[in-house]
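Novice: The structure under discussion is supplied below as structure tokens; questions concerning it will follow.
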Amino acid sequence: CVPKKVMWSAATVADTLKHDAHQYGFSGGVEAASTLDWPKLKAARDAYVLRLNGIYASGFTKAGVEDIRGEATFVDANTVEVKAEDGSIKTVTSDKILVATGGRPHIPAGDGVAENVISSDGFFDLEELPKVAVVVGAGYIAVELAGVLNSLGTEVHLVVRKAKALRDFDPMISDALDTEMIKAGVHIHRNTGGISKIEVGEDGKKQVTTVSGDTLYGADVVLMAPGRIPNVEYLNLDKAGVELSHKNHITVDEYSNTSADNIYALGDVCGKVELTPMAIAAGRRLADRLFGPEKYKNAKVSYDLVPTVVFTHPTIGTIGLTEPKAVDKYGAESVKVYTSKFADSHYGIFQVDPENKPKTHMK
């Protein structure tokens with residue numbers, strides 16, 4: 001979240017320089033936007049993240065939390081073995097164990113795909129701004145990073161399996177974002193079925209072939225963001241009696257209980273609402289219930305009406321049911337929809353046709 005927000009902020013500065021500054025009487029914005037010092041931005045961002053890591057580590061130390069680094073596997077429902085990088089093994093036992101191992105980017109199968117792509121993690125390792133990038137995916141990570149790269153000056157090709165990105169969001173949101181991405185210069189390749197093959201030419205450029213047979217040439221970077229999968233394979237959860245769903249997420253009830261009486265799970269590894277603040281809230285409620293006073297014995301987090309922000313360009317904020325889901329749940333005759341579309345006051349003085357001013361969409 002933090003490094004992504006830093007990059008979104010940088011992209012927003014670039015957009016302001018390119019599109020807004022001259023409207024407010026400032027000159028040289030377009031030229032200034034082209035002077036991005038990527039290594040300087042990366043170094044500052046990484047130093048900020050490292051500092052935050054240190055703050056969290058200090059908090060653990062002050063709270064008396066022991067930090068054991070390594071790969072953990074269950075021996076039984078009360079015992080975990082942790083294998084460190086040096087090969088040493090430490091055994092930890094507890095009457096209560098919480099699994100919060102999160103998820104990782106999913107890299108689909110395909111000829112030359114795994115060895116020639118980066119994930120959202122790899123995006124933050126880039127040493128320079130790519131001239132041409134292919135971003136594969138239709139979820140919030142894909143559209144966020146596509147927007148960042150596009151605003152910073154990369155030629156961006158967004159490859160989606162079906163008709164558009166953010167299909168699970170309200171149609172007003174996904175349609176409006178689609179329009180704005182096109183207007184911003186993002187090349188959207190639709191109904192591709194995904195990526196089937198990636199080849200690398202003698203010049204190091206990547207040639208991307210989609211399942212539908214389309215070919216994209218000259219990519220410096222192929223960023224794969226079609227979704228995430230839970231980190232469970234190495235845990236040996238079967239030895240602890242913890243059940244998984246058909247998608248390999250840990251199955252939990254409304255109180256974060258797993259199928260094992262003393263083992264709990266929360267966050268992305270459960271596949272419910274995969275947002276950092278949601279996992280924090282779930283952790284707090286679980287701690288209240290397990291270790292708090294009697295009044296918290298039934299504490300649990302609610303996964304209903306979770307506010308969600310997507311750091312696209314433009315940004316998205318949403319909460320509650322989408323219109324189609326509301327209709328499915330309550331019936332069309334019981335749903336009344338109010339919408340509004342307008343250019344906010346920031347664009348009031350812009351000397352452009354009113355139809356070309358960026359719009360705020362509300363429902």
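The values are calculated or read from the model by the stated rules, or taken from the named source; none is laboratory data. The structure displayed is predicted, hence computed values, not measured ones. Reconstructed Cβ throughout: ideal geometry from the backbone, glycine too, with neighbour counts over all protein chains shown. Heavy atoms of the whole protein, side chains included, go into the accessibility calculation; ligands, DNA and RNA do not. Shrake-Rupley method; radii C 1.70, N 1.55, O 1.52, S 1.80 Å.
Novice: With a 10 Å radius around each residue's Cβ, average the other Cβ atoms per peptide and rank 73-83, 196-206, 217-227, highest first.
Specialist: Values: 73-83: 16.3, 196-206: 13.3, 217-227: 20.6.
Ranking, from highest mean packing down: 217-227, 73-83, 196-206.
Novice: Separate question: Leaving ligands, DNA and RNA out of it, rank 167, 69, 284 by accessible area with a 1.4 Å probe, largest first.
Specialist: On the way: 167 95, 69 175, 284 145 Å².
Order by accessible area, largest first: 69, 284, 167.
Novice: Could you give the size of the charge dipole of segment 2-86 about its Cα centre, using +1 on the Cβ of each K and R and -1 on the Cβ of each D and E, expressed in debye and rounded to the nearest 20?
Specialist: Details: 10 positive and 12 negative charges, 87 e Å.
Rounded to the nearest 20 debye, it is 420 debye.
Novice: Using the basic label-point model (7 angstrom from Cα toward the beta carbon), what is the residue 31 to residue 114 distance in nanometres?
Specialist: Simple spin-label model gives 5.0 nm for this pair.
Novice: Over 14 Å apart: what share of the alpha carbon pairs of segment 82-137 falls there, rounded to a whole percent?
Specialist: Working: 1133 of 1540 pairs.
I get 74 percent for the Cα pairs in segment 82-137 exceeding 14 Å.
Novice: Moving on. Rounded to the nearest whole Å², what accessible area per residue is found for segment 199-241 with the 1.4 Å probe? Before the final figure, lay out each step's value.
Specialist: On the way: 2170 Å² over 43 residues.
Here the residues of segment 199-241 average 50 Å² of exposed surface.
Novice: Hey, another quick one. When the chain is modelled as a GNM with alpha-carbon springs shorter than 10 Å, which of 19, 106, 246 fluctuates the most?
Specialist: With Cα springs under 10 Å in the chain, the top fluctuation among 19, 106, 246 is at 246.
Novice: Related question: Could you size up the charge dipole of the chain around its Cα centre, putting +1 on the beta carbon of Lys and Arg and -1 on that of Asp and Glu, and report it in debye to the nearest 20?
Specialist: Details: 40 positive and 48 negative charges, 182 e Å.
Computed charge dipole of the chain: roughly 880 debye.
Novice: Related question: Would you work out which of 130, 59, 47 lies farthest towards the positive end of the dipole of segment 10-145? Charges go on Cβ: Lys and Arg +1, Asp and Glu -1.
Specialist: After comparing all options, I get 59.
Novice: Another question, then. Using a 7 Å offset from Cα along Cα-Cβ at residue 190, what residues in segment 134-169 end up with backbone N under 12 Å from the label point?
Specialist: 160-165
Novice: Something else about it: Take every Cα-Cα pair in segment 236-343 and report what % of them are more than 21 Å apart. It would help to have the intermediate numbers written out before the result.
Specialist: Working: 3101 of 5778 pairs.
In whole percent, the share of Cα-Cα pairs in segment 236-343 beyond 21 Å is 54.
Novice: Quick check on the chain: helices-only [θ] at 222 nm, where DSSP H runs of length 4 and up contribute -39,500 (n - 2.57) each and the sum goes over total residues. Nearest 500, please.
Specialist: On the way: 8 runs with 100 residues, N = 363.
After summing the helix terms and dividing by the residues of the chain, the value is -8500 deg cm²/dmol.
Novice: For segment 1-103, what is the relative contact order in percent, using Cα pairs closer than 8 Å and at least 6 residues apart in sequence?
Specialist: In percent, rounded to a whole number, it is 13.
Novice: Write down the Å³ per residue value for the convex hull defined by the alpha carbon atoms of segment 52-98. All intermediate terms of the calculation are to be shown ahead of the outcome.
Specialist: Working: hull volume 4.5 nm³, N = 47.
Cα convex hull per residue, to the nearest whole number: 96 Å³.
Novice: In a Gaussian network model over the chain where Cα atoms closer than 10 Å are linked, find which of 308, 91, 322 has the largest mean-square fluctuation.
Specialist: Maximum among the listed residues: 91.
Novice: Report, to the nearest whole %, how much of the accessible area of the chain belongs to carbon and sulfur atoms, 1.4 Å probe, protein only. Let's see the in-between values first.
Specialist: Values: 11020 of 20730 Å².
The computed percentage sits at 53.
Novice: With the alpha-carbon atoms as the only input, what is the per residue convex hull volume for segment 245-289 in Å³?
Specialist: Working: hull volume 2.9 nm³, N = 45.
Value for segment 245-289: 64 Å³ per residue.
Novice: Let me check the size of segment 5-125 from its C-alpha atoms; what are the radius of gyration and Dmax in Å?
Specialist: Taking only Cα atoms of segment 5-125, I get Rg and Dmax of 22.4, 68 Å.
Novice: Compute a Gaussian network model of the chain, connecting alpha carbons closer than 10 Å, and tell me which residue from 173, 55, 118 fluctuates the most.
Specialist: It is 55.
Novice: Moving to a separate point now. Whole number in Å², please: accessible area per residue of segment 264-363, 1.4 Å probe, ligands, DNA and RNA not counted. Present the calculation step by step, with values, prior to reporting the outcome.
Specialist: Details: 6650 Å² over 100 residues.
Accessible area per residue, segment 264-363: 67 Å².
Novice: Treating the beta-carbon of each Lys and Arg as +1 and of each Asp and Glu as -1, no other charges, what is the dipole magnitude of segment 110-211 about its Cα centre, to the nearest 20 debye? Please report the intermediate quantities before stating the final value.
Specialist: Details: 10 positive and 16 negative charges, 96 e Å.
Value, rounded to 20: 460 debye.
Novice: Per residue, how many Å² of accessible area does segment 19-170 show with a 1.4 Å probe? All intermediate terms of the calculation are to be shown ahead of the outcome.
Specialist: On the way: 8650 Å² over 152 residues.
That works out to 57 Å² for each residue.
Novice: Another question, then. For the pair residue 251 and residue 67, what calculated FRET efficiency results from E = 1/(1 + (r/R0)^6), where r is the Cβ-Cβ distance and R0 = 25 Å, to the nearest 0.05?
Specialist: On the way: r = 28 Å, r/R0 = 1.14.
For residue 67 and residue 251, the calculated efficiency is 0.30.
Novice: Any chance you could give the angle, 0 to 90 degrees and rounded to 10, that helix 140-152 forms with the longest Cα principal axis of the chain?
Specialist: Helix 140-152 and the main axis of the chain meet at about 40 degrees.
Novice: Using 0.36 nm per residue of separation minus the Cα-Cα distance, give me the extension gain between residue 309 and residue 284 in nm, one decimal.
Specialist: Working: separation 25, 0.36 × 25 = 9.00 nm, distance 2.14 nm.
Extra length from residue 309 to residue 284 when fully extended: 6.9 nm.
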